[in-house]
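Worksheet: the structure to be examined is printed underneath.
No lab work stands behind these numbers, since they all come straight from the coordinates. What you see is a predicted model, and the numbers here were worked out from it, not measured in a lab. When we count neighbours, we look across all protein chains shown, and the Cβ atoms used for this are built from the backbone with ideal geometry, even at glycine.
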Amino acid sequence: MHTGLSEWSARLAALPGFEPPADAWPAILAARGPHESGCASLRWPTAVAAVVLAAVAGLAWLMQSAQRELAPAAISMTDPGVVASAAILEQNARLEMLLAALPERRAMRGSTAFTVSQLEDRLALVDERLSRISMEANAPEFSERLWRERVDLMNSLVQVRYADATNPL
Amino acid sequence: MNKGMLAAVAMAVLVLAPSMSLAQEAKDADLEKRLEEAQQRLEAAAREVAELSAEAGGPHILKMLDMRVPGPRRSMLGVNLGGAEPNGGGVKVNGVSPGGPAAEAGVRAGDVIVAIDGQSVGTGRELVAVMKDVEPDQKVVLELRRDGKPVKVTVAARPMDQVFFARPLMGEGEIGAMHALPAMPPMHGMGVAHARHWLLEGWSDAELVTVTPALGRYFGADKGVLVARAPKDSTLGLQDGDVIVAIGGREPQSGPHAMRILRSYQPGETVELRILRDRKAQTLKAAAPEHKFEHGAGAPVMPPPPEPPRAPAGPT
């Protein structure tokens, strides 16, 4: 079961007493993410529906914006050392932009943090291999496969981070 | 409407309202549970993608790379390098690994690495050669060219073994094999056994919060990870409100970073946490728990052993 705002307040109230700085509680709320700072009496379904609607609208906007802004930062087939189809590289660039646009979450459940770290480590490993393969002239098929692998991992990471961002802790 | 009817309606509202409220709460709880289950399924699928990716085409690629392009094995920057710039002008960064050391230091795709710790790098091979001497966790200064302008960033190189530990627990991967668990022997009548990482077993419901300077003032820490909800696994003795300052000497920067460090511990290895509790420093130390072995879905359940024969009836 997720922790509610009241449980948070109770936990913090139970901590040993001392004079906290005036901005401590807003900082905690900020660390919990934007969804919990609203009206406490908001019912769950309404809140969830609002969050999901806003998130879906946000994602749609992000997707469009990512498509619009792809060109300048995207890796292209003409870049030295890059051997992969244009479709894969475009997909990779779009996912990179989506990930960058997702809000930073300071609070995370253990299982989500585990999954994110696992995916990020895999991506680092794939990037390390891609770096080394870019120095190898005779391995276009490996390069394509590694780029596909990277896109699969990025897709999973975006999904996990997106679900986490739209689901109050 | 007469007074009698009004009173009856009011009574009905008073009687029904609590039960409606209870029904609404039950519905909310059900929705919350389903959302949580959906997120867990999504995360499980993502972890499967991560584990499978280690196997997909991996062995061939790595063997080929090891033979032809010996690369850094001890530490990494977390970048996807492109080719060399003309006239030995550096190495282009095609991409930055999310959550990696270069990303944390602010390196961007499109940057050109021109030097590491003062040593010029004109090609990828030169960069690899420099990185061979970089120790894990060592901080290196990258001199970059960004949009034609020089930029300097400091990157804490990450140990490669942390990346290797991300490999599947039960696979036959090509790297880090010494860290892999031995495969569970097949058992008659049972499905395939899978290992569930000790962190997923005991830390799934934990809640970890990155300590910011403002939040840290309350807890007496300027950095680290706040344990907002302690893991159900009590092996390490963490409590709600503890701040993890260091894990085995490494300072966690976020929840995923803490998990990344913890994942490098194998069952039985001693995990040492430096924490702040009630604003006082403490050290918690314990052996990492065992992974949990479970059998795959659809595996037939072993029938219960037959009951022992009844003792023969005594003489009547």
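Worth pointing out:
- Kirkwood hydrodynamic radius of the range B:193-295, Cα pairs, Å: 13.7 Å
- Two-site label geometry, B:Thr123 and B:Glu48: point separation in nm, points 7 Å out along Cα→Cβ: 4.4 nm
- When A:Asp127, B:Asp205, B:Asp111 are arranged by Cβ crowding within 10 Å, least crowded first, meaning fewest neighbours, the order is B:Asp205, B:Asp111, A:Asp127.
- Residues B:Tyr218, A:Tyr162, sorted so that the one with the fewest Cβ neighbours within 10 Å comes first: A:Tyr162, B:Tyr218
- With neighbours defined as other Cβ atoms within 10 Å of a residue's Cβ, the residues B:Phe219, B:Phe293 order from fewest to most as B:Phe293, B:Phe219.
- Förster-model FRET efficiency, 30 Å R0, B:Lys232 and A:Glu104, C-beta, rounded to 0.05: 0.65
- Computed lengthening from B:Ser19 to B:Glu269, 0.36 nm per intervening residue step minus Cα-Cα distance: 84.7 nm
- For the peptide B:247-256, the mean number of other protein chain Cβ atoms found within 10 angstrom of a residue's Cβ is 3.
- Karplus-based coupling profile of the range A:118-132, in residue order and whole Hz: 5, 5, 5, 5, 4, 4, 5, 5, 5, 5, 5, 5, 5, 4, 6, with θ = phi - 60° in 6.51 cos²θ - 1.76 cosθ + 1.60 and x standing for Gly or Pro.
- Of the cross-linked pairs B:Lys33/B:Lys292; B:Lys132/B:Lys292; B:Lys132/B:Lys285, those separated by over 30 Å at the C-alpha level are B:Lys132/B:Lys292; B:Lys132/B:Lys285.
- Scalar couplings 3J(HN,Hα) for the range A:102-113, obtained by applying the Karplus form with A = 6.51, B = -1.76, C = 1.60 to θ = phi - 60°, are 5, x, 6, 10, 8, 10, 8, 6, x, 5, 5, 4 Hz; x denotes Gly and Pro.
- With the simple model of a label 7 Å out from the Cα in the direction of the Cβ, B:Lys139 to B:Val151 spans 1.9 nm.
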